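Note sheet for the following structure.
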Amino acid sequence: MSVYRMLKLLSDAHSVSGRENSIREIISEVVGAYCDDIRTDKLGNIICRMGSGEPRIMLAAHMDEIGLIVKHIEENGFLRFAKMGGWFDQVLLSQRVIVHGRRKVLGVIGCKPPHVMKDEERKVSVKHEDMFIDVGAKSDKDVKKLGIDVGTPITLDRELRRLSGSRITGKAMDDRAGLACCISVLRKLYEEDVNASVYVVGTVQEEVGLKGAKTSAYSISPDVALAVDVSIAGDHPGITKKDSPIELGKGPAITVVDGSGRGLITHPRVLKWLKSTAKRYKIPVQMDVSEGGTTDATAIHLTKEGVPAGVVSVPARYIHTPVEVVDLNDIKNTIELLSKAVLDIDEWFMDEEDLLPV
Ligand code: ZN
């Protein structure tokens, strides 16, 4: 299966935080043949292990996507919703959604038409609490018949498509791009001699508080860990290089610090390992220092007595919208960097002293 087809399979599936079943099933089907062991933990993380040597390396990518949840059903059949994860309200208006009732039910997000808005109302963006979902039902009874109730998850209806060149657009590139990379790494390593134990983890509930990373890292107790996610590209109108110097098509981003250091300060040995690997194999990379946002690595590195951790990410535009854009060449280079880093790992993490940050 090509990387694009795998991404399409993952991106077109629906998996809001806390309801990651469909992505979990895809992962277990696709990587089953390449792993020595696959298990699901109590929170729903899928943990795929290849090999049983030392050191233990964890590659984590989150399975959940930001979505919505039914909060209230109006008597006339309209749904009110709450947000699950970091939505910018104005992105939601006029989107087509899938309400995951007994079956998938299509809906649209509406609001009061501009024609009847007062002048002041027209000047400000509509808040999500003033929007509603129309599934075509005429009453709350109609809605219930569709198996939709308070608590029913909702996702955006947007399929992965190609833009021109090597760019693609879809919902949930955050973090299906990371998952596609991790899956591809397993498939690539299957043909190689790997001394380490590689744990690829599809984590749950990252978008709502890095939760799955916490429990999965505890049980794996890795010697080193990488979160594989997306990072904010600063190469389009409305954002400048001083906001983010990361560009699409220039290779994966290696995080030095995120969340102004309140998230992750990448372990120096991990940073050296990733940078040296990129240099040795001539893989283009970009260094990333960010002040907002963080990843699963933040939860993982605080596990037990501490885990040296880092982040490798695919540059993405319009993160947390249904039209996230990534470049397939960045995905290929991310897969290359991760695979080579795993293959060379015994040069970096075999000695306890290697792990002391100097
Ligand atoms: Zn993410």
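The values are calculated or read from the model by the stated rules, or taken from the named source; none is laboratory data. Computed from a predicted model, the values in this text were never measured in an experiment. Because the Cβ atoms are built from the backbone with ideal geometry, glycine has one as well, and the counts that use them run over all protein chains shown. Areas reflect the complete protein model, heavy atoms only, side chains present, ligands, DNA and RNA absent. Shrake-Rupley method; radii C 1.70, N 1.55, O 1.52, S 1.80 Å.
Some notes on this structure:
- Single unsatisfied condition, residue 208 versus (1) hydrophobic (A, V, I, L, M, F, W, C); (2) within 15 Å of the chain's Cα centre (by Cα); (3) within 16 Å of residue 311 (Cβ to Cβ); (4) open to solvent by 30 Å² or more (accessible area, probe 1.4 Å): (3)
- Exclusive hit being among the basic types (Lys, Arg), out of contact with any Cys (no Cβ under 8 Å at 6 or more places or on another chain) and buried (at least 16 other Cβ atoms within 10 Å of the Cβ), set 103, 80: 80
- Count of the stretch 31-57 residues which are buried (at least 22 other Cβ atoms within 10 Å of the Cβ) and either within 16 Å of the ligand (Cβ to nearest atom) or among the hydroxyl-bearing types (Ser, Thr, Tyr) (or both): 1
Conditions tested, residue by residue: (1) part of a strand (DSSP E or B); (2) more than 17 Å from the chain's Cα centre (by Cα); (3) within 13 Å of the ligand (Cβ to nearest atom).
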| position | (1), (2), (3) |
| --- | --- |
| 168 | yes, no, no |
| 176 | no, no, yes |
| 184 | no, no, no |
| 229 | yes, no, yes |
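- Residue within the stretch 349-357 that is open to solvent by 40 Å² or more (accessible area, probe 1.4 Å), at pLDDT 95 or above and away from the ligand (no atom under 13 Å from the Cβ) present: no
- Test for residue 192: is it in contact with a helix residue (DSSP H, G or I) (Cβ under 8 Å, 6 or more places away or on another chain), away from the ligand (no atom under 16 Å from the Cβ) and modelled with pLDDT under 95: yes
- When residues in the stretch 74-132 are screened for being part of a loop (DSSP other than H, G, I, E, B) and basic (Lys, Arg), 5 of them pass.
- For the stretch 27-71, a residue qualifies if it is in contact with a strand residue (DSSP E or B) (Cβ under 9 Å, 6 or more places away or on another chain), assigned to a helix (DSSP H, G or I) and free of Cβ contacts under 8 Å to residues at least 40 places away in the same chain, and the qualifying residues are 28, 32.
- Residue within the stretch 1-19 that is part of a strand (DSSP E or B), in contact (Cβ under 8 Å) with a residue 24 or more places away in the chain and more than 16 Å from the ligand (Cβ to nearest atom) present: no
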